[in-house]
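The values are calculated or read from the model by the stated rules, or taken from the named source; none is laboratory data. A quick note: this is a predicted structure, and the numbers were derived from the prediction, not measured. Neighbour counts are summed over all protein chains in view; Cβ atoms, including those assigned to glycine, are modelled from backbone coordinates with ideal geometry.
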Amino acid sequence: MRHIPNALCILRMLLVVPIAWLLTAGEYKATLWVFAFAGFTDGLDGFLAKRCGWMSELGKILDPLADKILLVSVFITLAVIGVVPVWLAATAVLRDVTITIGAITYNALYGYPHGNPTVISKINTLCQIVYLLLAVAAKAGEWAPDTALLILGAMVFVTTVVSGIDYVVTYTRKAIAASRAKHGLA
């Protein structure tokens, strides 16, 4: 049972292929359901891990990785097919690339970063999921007012930038402290 959260993360990663295929095929209603299910697995795996004590080191890697793969893939696909602005997709992708490169670099220099998502990062992920769901819903012909998309798009942009800056500042400070400790300067 304790492996259920990790299995949900892997399932979320596997759902990226059918979601991208459905989007490019113009099957927006089907995409909406599969993407909503993928978003649900994100909440469920975190809930189960915390509530049941099923957290693991693997899960700490899989969960953010699954989020990044899903959201980056959907942003890129929707930008390519003209559903979301390219600049907004590029902002989201650049944030995740920056965080990933920073984590890899930190790990190579100082070891595993033992980081937890910040509040702004969690808000950003939620905003991105809701925005992307609403953008797909609009293409599916479901109710999705332009004003809501505009407001959520702005929220995605702001939380993406703030979250990216927060990660860079936090891990730069952590790297400086780790470097000082490594060289006996602390």
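For region 21-123, list the helices (runs of 4 or more DSSP H) that sit wholly inside it and hold at least 2 residues that are under 16 Å from Leu11 (Cβ atoms); which are they? Give the steps one after another, and end with the answer.
Numbers: elements: 28-51, 57-80, 86-110.
Once the helices (runs of 4 or more DSSP H) in region 21-123 are filtered for at least 2 residues that are under 16 Å from Leu11 (Cβ atoms), what remains is 28-51, 57-80.
For Gly141, all conditions in the list (1) free of Cβ contacts under 8 Å to residues at least 40 places away in the same chain; (2) at positive phi hold save one; what is the number of the exception?
(1)
What number of residues within region 134-149 are farther than 12 Å from Val84 by Cβ and in a helix (DSSP H, G or I)?
Matching residues across region 134-149 total 4.
Conditions: (1) on the phi < 0 side of the Ramachandran plot; (2) of a type outside the set (S, T, N, Q); (3) surrounded by fewer than 17 Cβ atoms within 10 Å (Cβ to Cβ). Leu23 meets all but one. Number of the miss?
Tallying (1) on the phi < 0 side of the Ramachandran plot; (2) of a type outside the set (S, T, N, Q); (3) surrounded by fewer than 17 Cβ atoms within 10 Å (Cβ to Cβ), Leu23 fails exactly one: (3).
Among the residues of region 159-186, which ones are surrounded by 14 or more Cβ atoms within 10 Å (Cβ to Cβ) and not polar (S, T, N, Q)?
If the condition is that a residue be surrounded by 14 or more Cβ atoms within 10 Å (Cβ to Cβ) and not polar (S, T, N, Q), then Val161, Val162, Gly164, Asp166, Tyr167, Val168, Tyr171, Lys174, Ala175, Ala178 are the ones that fit.
So which residues in region 20-48 are touching a Ser or Thr at 6+ places or on another chain (Cβ under 6 Å) and without any contact (Cβ under 8 Å) to a residue 60 or more places away in the chain, if there are any at all?
First, the residues of region 20-48 that are touching a Ser or Thr at 6+ places or on another chain (Cβ under 6 Å): 20, 22-23.
Across region 20-48, the qualifying residues are Ala20, Leu22.
Can you tell which of Leu71, Leu88, Leu65 is within 21 Å of Leu150 (Cα to Cα), aliphatic (A, V, I, L, M) and modelled with pLDDT under 95?
Details: Leu88 fails: modelled with pLDDT under 95; Leu65 fails: within 21 Å of Leu150 (Cα to Cα).
The match here is Leu71.
Between a residue in region 63-74 that is closer than 15 Å to Gly115 by Cα and any residue that is among the small types (Gly, Ala, Ser) and surrounded by fewer than 22 Cβ atoms within 10 Å (Cβ to Cβ), which pairs come within a Cβ distance under 8 Å, given they are 6 or more apart or on different chains?
That search, which allows pairs on different chains as well, returns Asp63/Gly46; Asp63/Ala49.
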